[in-house]
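Here is the structure we will look at, set down as structure tokens.
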Amino acid sequence: MKASPYVGITGFKTKGEIEVTGKFFRENGFYESSYLPMFGFLVSETRLKQKNVSGKKSPAAEDLTYLARQVPQGYLPMMHYHTNNLETLPAQIRDLLTIYQMYERGLCRAVQLNMEWPPVDKIEEIRHDFPELHIVLQLSNRGMDSLSVAEIVQKSRSYDGLVQYTLIDPSGGFGISYDSERALELLTELNAALPNIRIGLAGGFDGGNVESRIKLIQEQYHEPFSIDAQGKLREEAAGINILDIEKVRWYINGASRALLSQNLPAPIESQ
């Protein structure tokens with residue numbers, strides 16, 4: 001059975017951001033829906049080596065367990081992990097998920113792997129260590145750029161039975177819009193080839209476009225799919241890159257209108 005589709009926002013750093021976003025999800029009908037609100041936390045090998053140091057968009061690793069605990073029960077906290085050192089990937093994931101017993105206590109059991117085609121044997125090792133972990137395979141622009149749709153699908157087959165989600169994400173968190181025609185073709189072909197994996201999309205979603213983009217996909221793709229947003233929900237303020245709560249509100253509102261058919265006011269046009 002496939003994992004539940006999610007509506008995600010990535011880049012949380014504070015308890016306040018989590019609390020207000022949880023409120024928006026509830027107000028827009030997601031609490032009792034079949035779509036899981038996903039709260040994404042950015043983390044990397046660099047953060048793990050200096051657990052008390054935060055990054056521009058990422059919290060300190062030592063704060064991740066506390067932040068995951070703030071996510072409302074029944075929602076989906078997820079670590080979005082990046083490393084260039086794939087040989088030690090299983091050890092890094094162990095280091096991450098054992099921070100204050102994060103996995104063991106059930107506070108976070110989902111990880112997105114933000115890297116190009118991680119070795120299958122390393123994913124098998126992670127699955128052995130954490131059998132209840134939900135893994136998202138990110139298909140980034142760098143990983144897909146030189147490949148045809150058929151080649152991407154063939155490489156993705158190697159992860160069948162090992163990951164629960166595949167996210168088509170050519171933007172990589174920078175708010176870059178995807179090619180709708182190619183994304184739809186990928187969605188369709190991946191879904192046919194990987195019947196046990198939930199497929200999703202990311203890339204430039206915001207309150208001004210999420211409703212129309214979802215509806216465009218729904219016209220031809222008749223399977224629930226996940227979405228995630230990051231770059232276009234953020235703002236530079238006093239030299240600090242922060243999550244813009246008003247942009248978060250309208251993104252959730254638009255997603256609700258499209259996915260849950262909520263009778264809500266239309267979102268304002270994105271600037």
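Filtering region 1-16 down to residues that are touching a helix residue (DSSP H, G or I) at 6+ places or on another chain (Cβ under 7 Å) and either under 18 Å from residue 206 (Cα atoms) or aromatic (Phe, Trp, Tyr) (or both), which residue is surrounded by the fewest Cβ atoms within 10 Å (Cβ to Cβ)? Break it down stepwise before answering.
First, pick out the residues of region 1-16 that are touching a helix residue (DSSP H, G or I) at 6+ places or on another chain (Cβ under 7 Å): 7, 9, 12, 15.
Checking the rest, the ones that are also either under 18 Å from residue 206 (Cα atoms) or aromatic (Phe, Trp, Tyr) (or both) come to 7, 9, 12.
On the way: 7: 28, 9: 26, 12: 24.
Only one residue fits best here, namely 12.
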Inset, instruction - Could you figure out which of (1) at pLDDT below 95; (2) closer than 17 Å to residue 42 by Cβ isn't true of residue 82? - result: (1)
Inset, instruction - Check region 110-119 and report whether any residue there is under 26 Å from residue 7 (Cα atoms) and over 19 Å from the mean Cα position of the chain (by Cα). - result: no
Legend entry - Near pairs, Cβ below 8 angstrom, 6+ apart or cross-chain, from region 113-134 (closer than 26 Å to residue 170 by Cβ) to any residue that is assigned to a loop (DSSP other than H, G, I, E, B) and at pLDDT below 95: 114/172
Inset, instruction - Could you list, in sequence order, all residues of region 73-101 that are polar (S, T, N, Q) and part of a helix (DSSP H, G or I)? - result: 88, 92, 101
Inset, instruction - Taking residue 123 as the residue in question, decide whether it is among the hydrophobic types (A, V, I, L, M, F, W, C), surrounded by 13 or more Cβ atoms within 10 Å (Cβ to Cβ) and either on the phi > 0 side of the Ramachandran plot or part of a helix (DSSP H, G or I) (or both). - result: yes
Inset, instruction - Given the conditions (1) at pLDDT 90 or above; (2) part of a strand (DSSP E or B); (3) more than 22 Å from residue 200 (Cα to Cα), report the number of the one that residue 228 does not fulfil. - result: (3)
Inset, instruction - For region 37-76, name all the residues that are charged (D, E, K, R), free of Cβ contacts under 8 Å to residues at least 12 places away in the same chain and surrounded by fewer than 18 Cβ atoms within 10 Å (Cβ to Cβ). - result: 49
Legend entry - Unmet criterion (only one of (1) exposed (fewer than 15 other Cβ atoms within 10 Å of the Cβ); (2) within 22 Å of residue 137 (Cα to Cα); (3) at pLDDT below 95; (4) charged (D, E, K, R)) for residue 87: (3)
Inset, instruction - Scan region 127-179 for residues that are surrounded by fewer than 14 Cβ atoms within 10 Å (Cβ to Cβ), under 19 Å from the mean Cα position of the chain (by Cα) and at pLDDT below 90 and jot them down. - result: 142, 174, 179
Inset, instruction - Please work out if residue 18 is of a type in the set (Val, Ile, Thr) and over 21 Å from residue 235 (Cα atoms). - result: no
Inset, instruction - Keeping to region 28-72, report how many residues are in contact with a Lys or Arg (Cβ under 8 Å, 6 or more places away or on another chain), in a helix (DSSP H, G or I) and either within 18 Å of residue 8 (Cβ to Cβ) or charged (D, E, K, R) (or both). - result: 3
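The values are calculated or read from the model by the stated rules, or taken from the named source; none is laboratory data. Please read these numbers as outputs of a predicted model, since none were measured by experiment. FYI the Cβ positions are ideal-geometry reconstructions off the backbone, even for glycines, and counts take in every protein chain you see.
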